[in-house]
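Asker: The structure follows.
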Amino acid sequence: MDVLILSRLQFALATGFHFLFVPLTLGLSILIAIMERKYVNTGDEEYKRMAKFWGKLFLINFVLGVVTGITLEFQFGTNWARYSAYVGDIFGSLLAIEATTAFFLESTFIAVWHFGWNKLSPRAHATTMWLIAAAGTFSAFWILVANAWMQHPVGYVLRNGRAELNDFFAVVTQPFAIQMFIHTLSGAFILSGFFVMGISAYHILKKQNLSFFKRSFQMALTFALIFSVVEVVQGHMHGAEVAEIQPAKLAAMESHWETTAYAPMAAFLIPDEQGEKNNFEILPVRGVLSMLAYHDPAAEVKGLKYFPVDERPPVTLTFFAFRIMVGLGFLFVLLTLYGWFKRHKLEDYPLYLKIMLFSIPLPYIALQAGWIVAEVGRQPWIVYGLMKTSDAVSNISQTQVLTSFIAFLLVYSLLAVAAFSLIIKFAGQGPDPLPLPAEEKGGEANA
Amino acid sequence: MLETIWFVLWAVLWAVYFILDGFDLGAGCLLPVLSKDDKDRRYIYNATGPFWDGNEVWLITAGGVTFAAFPGNYAVMFSALYTPLLMILFALIVRGVAFEFRRHIDDPRWKKLWDICMFAGSFVAAFLFGVAFAGIFAGIPIDEAGHFQGSIINLLTPYNILGGALFVMLFMLHGSIWLAIKTNGELKNRASNFAKKIWPFVTLSGLVFIISTGFATNVFNYYMSYPVLFVIPLMLLFGFMLIWFFIEIASWWKAWFASGLVIGLTTFFGLAGIFPRLLPSSINDQYSMTIFNSASSPLTLKIMLVVVIVFIPIVIGYQTWVYYLFKDKVTEKDLIY
């Protein structure tokens, strides 16, 4: 394997791994902030226990997000030096703005939240979690603006042999960036909702801390329901924009080979990249793809064959990742909608609770699949239409990259196993037991 | 002009990173040295626990600013220093995770594992940062295309290794002073005795480093054209004396500021001498990465300047507040880790 492939694998691994932890940070911070806010407003100690219990899982997850994020920023320089030199004027500044305006806030206040229970008033303490949540959201915004620029470069001129910024406002406000931001953030919120619902379902099934976990479940359910609906509606708009801006990606997402009006969509198919066709097509319906992409059944949709072979993204991976993401997206709406109607008597629906428990990994899969669609679907470009991935890689030796790739694989796998084992362990244990008044008295008597 | 301002900001950001993360990396290196039992180790973790994460963001910012202001240099420097940089990142990963993971399973073997990660991660990061920065002062073999010619062995010159050793010792001094501030009793005595004992070695290494900089680098050539710069090594020596003085009168906060000053000045000492280079080439100075051949466009530099001028003071503001909030000694009831 050459430096290019190894670097791509390494970057995919590092990003994918980072993206296992970041979405939960984004959504769970908001849920915890709401819990703590309710504690401040009502004085109900159960909300405080909720914030502490979910906070414990949050912290384990958070640290993994932090340490894996540090490597990402440096990997553009280590492995993608030519990319960095070519687009650093724009891309680099977005990363620097993210660190300065958002990541500092998040990392500083996480410590205040963690260590500050006895040092701050309840109100001030609850505020720190709001700051963490806001900082996480800002952070996601800047990173997605940077990624959107790779998907659809705007606000630049080619000068001095590189892309130079000429309209910062255009970069930050381009609709594609806003779409990606809403899409990714909603996904993160769904994931966090399902995380809380799944763990709560486990305890409700076991009839442990019923009120505690029903409350948690209901909060997470409302959150996940809202964003599941947002995700589907907005995902459709986002897709239409991809059709406009990245027609080759759209064609790969749908494994659509011929340029036609009334482009069809099939219920099932298997792409055949060698033969430039689809196998096992089931139920192709005329005009559906045209309708979805351009809101007009007669619209012409460019097929993969329209693009030179060396400008087509890998079809099979993009296609299946897209189908998985969309399928799961609809499933999330159904699951949360059903839960919404049963929310007051959840304990009477053990099958639903079991489904929710085993659904915890599904949003993780959906988010990784979405990321694959975005990044693999952009290939062979690193910056769409501007720079190919193969022209972006550093001049480094194969041995170096092979060694670091294996190191990433080993270290990250071990860390993931350790992190998820700890999360599962503490999720299963449930909240710390309430100190019983009788116990305190007993203690005094013994003394 | 813009490029020069950014050079200064770039140097300041790296210096601030070393000053801040320096004490928690140093405390990590001291974990096996100063602790007798698990409780001591927990105190050491808790003494740096509320700070390490915020400190490491200065690294992200220093890296981000290198990318934003000098993308050409970011590309050449980080691909040339590929292996040491990734080793630093892995070291920071395992020690960062150690803070959170260690406390969760009450098994001596589990704790031992993370203590090793904490020590090794802190040590490797401190050492390699020193090697890398000494390497930057001395220049590294990059050709005219900005490609690194050589291997990691070329980075391990005696001068660079001395730089690594100096960083480790400086951070250990900085960390032991911090632990003297944050702890009580036996552990505090051990930390303060350690600071006293290591001080002569750190100062001696600092002196040797300054002198060998004259032989191994071109730093002093630039100093010759701007003799006012000799103020930096002089202040550095003065800083070492200040540390000694404050340690002697057991004024630990002041000693900590002094050791921070010394770390900052050590960074400036070399970086001031390579200006306007960001990464000198040891093959031919023509191939060096400079603020002129690697800077971003004026527009980006201006936008980033506004961002930094507005936000860095805000960051300094809330981070100072956090240091103030957790200024007291760690006590039994504070033991979260």
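Asker: Please give the contour-minus-distance gain from residue B:250 to residue B:38: 0.36 nm per residue of separation, less the Cα-Cα distance, rounded to one decimal in nm.
Answerer: Details: separation 212, 0.36 × 212 = 76.32 nm, distance 2.66 nm.
73.7 nm is the gain from fully extending residue B:250 to residue B:38.
Asker: Restricting to Cα pairs below 8 Å that are 6+ residues apart, what does the relative contact order work out to for chain A? Please round to a whole percent.
Answerer: Working: 636 pairs, mean separation 90.7, N = 447.
With pairs under 8 Å counted, the relative contact order is 20 percent.
Asker: Next question. State the volume of the convex hull built on the alpha-carbon positions of the range A:186-306, expressed per residue in Å³ and rounded to an integer. Could the numbers behind the result be given before it?
Answerer: Values: hull volume 15.8 nm³, N = 121.
Once divided by residue count, the hull of the range A:186-306 is 130 Å³.
Asker: Next up: Give the range of the longest stretch in chain A that excludes all trypsin sites (Lys or Arg not before Pro) found in loop regions by DSSP and having at most 16 other beta-carbon atoms within 10 Å.
Answerer: Values: sites that count: A:119, A:206, A:207, A:286, A:342.
After excluding every exposed loop site, the longest remaining stretch is A:1-118.
Asker: Can I ask one more? Taking chain B, how much of its Cα-Cα pair set, in percent, is spaced more than 31 angstrom apart? Let's see the in-between values first.
Answerer: On the way: 18034 of 56616 pairs.
For chain B, the fraction of Cα-Cα distances above 31 Å is 32 percent.
Asker: If a helix is a whole DSSP H run, which ones in chain A reach 24 Å or further along their own axis (Cα) and hold a mean Kyte-Doolittle hydropathy of at least 0.5? Numbers along the way, then the final one.
Answerer: Working: long enough: A:3-42 (58 Å, 1.23); A:45-79 (50 Å, 0.33); A:122-151 (44 Å, 0.74); A:175-205 (44 Å, 1.43); A:210-245 (49 Å, 0.84); A:315-341 (40 Å, 1.87); A:398-429 (46 Å, 1.54).
Span-like helices in chain A: A:3-42, A:122-151, A:175-205, A:210-245, A:315-341, A:398-429.
Asker: Using 1/(1 + (r/R0)^6) with R0 = 51 angstrom and r between the beta carbons of residue A:169 and residue B:329, what's the FRET efficiency to the nearest 0.05? List each step's numbers first, then the result.
Answerer: Working: r = 50 Å, r/R0 = 0.97.
The computed FRET efficiency comes out at 0.55.
Asker: Please identify the helices of chain B, taking whole runs of DSSP H, that span at least 20 Å along their own axis as judged from the Cα atoms and have a mean Kyte-Doolittle score of 1.0 or higher. Walk me through the numbers before you get to the answer.
Answerer: Working: long enough: B:2-34 (46 Å, 1.65); B:52-69 (26 Å, 0.56); B:82-101 (28 Å, 1.72); B:108-138 (44 Å, 1.15); B:158-182 (35 Å, 1.33); B:185-216 (45 Å, 0.49); B:231-248 (25 Å, 2.31); B:252-274 (34 Å, 1.22); B:298-325 (40 Å, 1.80).
For chain B, where a helix must reach 20 Å along its axis and average at least 1.0, the hits are B:2-34, B:82-101, B:108-138, B:158-182, B:231-248, B:252-274, B:298-325.
Asker: Let me ask something else. Say we join alpha carbon atoms closer than 10 Å with springs in a Gaussian network model of chain B; which of B:165, B:250, B:27 then has the biggest fluctuation?
Answerer: B:250
Asker: Give me the number: length gained by fully extending residue A:234 to residue A:429, i.e. 0.36 nm times residue separation minus the C-alpha to C-alpha distance, one decimal in nm. Display every interim value, and only then the final one.
Answerer: Working: separation 195, 0.36 × 195 = 70.20 nm, distance 3.75 nm.
Length gained between residue A:234 and residue A:429: 66.5 nm.
Asker: Could you grab the relative contact order for chain B? Cα pairs under 8 Å, six or more apart, rounded to a whole percent.
Answerer: 28 percent
Asker: What pairs from A:425/B:327; A:48/B:36; A:302/A:388 go past 27 Å between their alpha carbons?
Answerer: Details: A:425/B:327 34 Å; A:48/B:36 36 Å; A:302/A:388 21 Å.
Cα-Cα > 27 Å for A:425/B:327; A:48/B:36; rest within.
Asker: Please give the calculated 222 nm ellipticity per residue for chain B, where each DSSP H segment of at least 4 residues contributes -39500 (n - 2.57) and the sum is spread over every residue; nearest 500 deg cm²/dmol? Write down the numbers at each step before the final one.
Answerer: Working: 14 runs with 264 residues, N = 337.
Only helices count here, giving -26500 deg cm²/dmol.
Asker: Work the Kirkwood hydrodynamic radius out for the protein assembly as shown: mean of 1/r over every pair of different alpha-carbon atoms, inverted, in Å. Can you show the working numbers first?
Answerer: Values: mean 1/r = 0.0359 Å⁻¹.
With all distinct Cα pairs of the protein assembly as shown included, I get 27.9 Å.
Asker: Under 5 Å between amide H atoms, partner at least 5 residues away or on a different chain: which partners does residue B:147 have, H built in plane at 1.01 Å?
Answerer: none
Asker: Moving on. Find the Rg to Rh ratio for chain A, where Rh is the Kirkwood radius over alpha-carbon pairs and Rg uses the same atoms.
Answerer: Working: Rg = 23.8 Å, Rh = 23.7 Å.
Answer for chain A: 1.01.
Asker: List every residue whose amide H lies under 5 Å from the amide H of residue A:388, counting only residues 5 or more places away in sequence or on a different chain, with H placed 1.01 Å from N in the peptide plane.
Answerer: Placed amide hydrogens put A:382 under 5 Å from residue A:388.
Asker: Under 14 Å between alpha carbons, and skipping anything fewer than 8 positions from residue A:38 in its own chain: which aspartates and glutamates qualify?
Answerer: Straight-line reach from residue A:38, under 14 Å: A:46.
Asker: In Å and from the alpha-carbon atoms only, list the Rg and Dmax of the range B:64-157.
Answerer: 16.7, 55
A short reminder: the numbers here are calculations on the coordinates, not readings from a lab. Computed from a predicted structure; not experimentally measured. With ideal geometry, Cβ positions are generated from the backbone for all residues, glycine too; neighbour counts draw on all protein chains shown.
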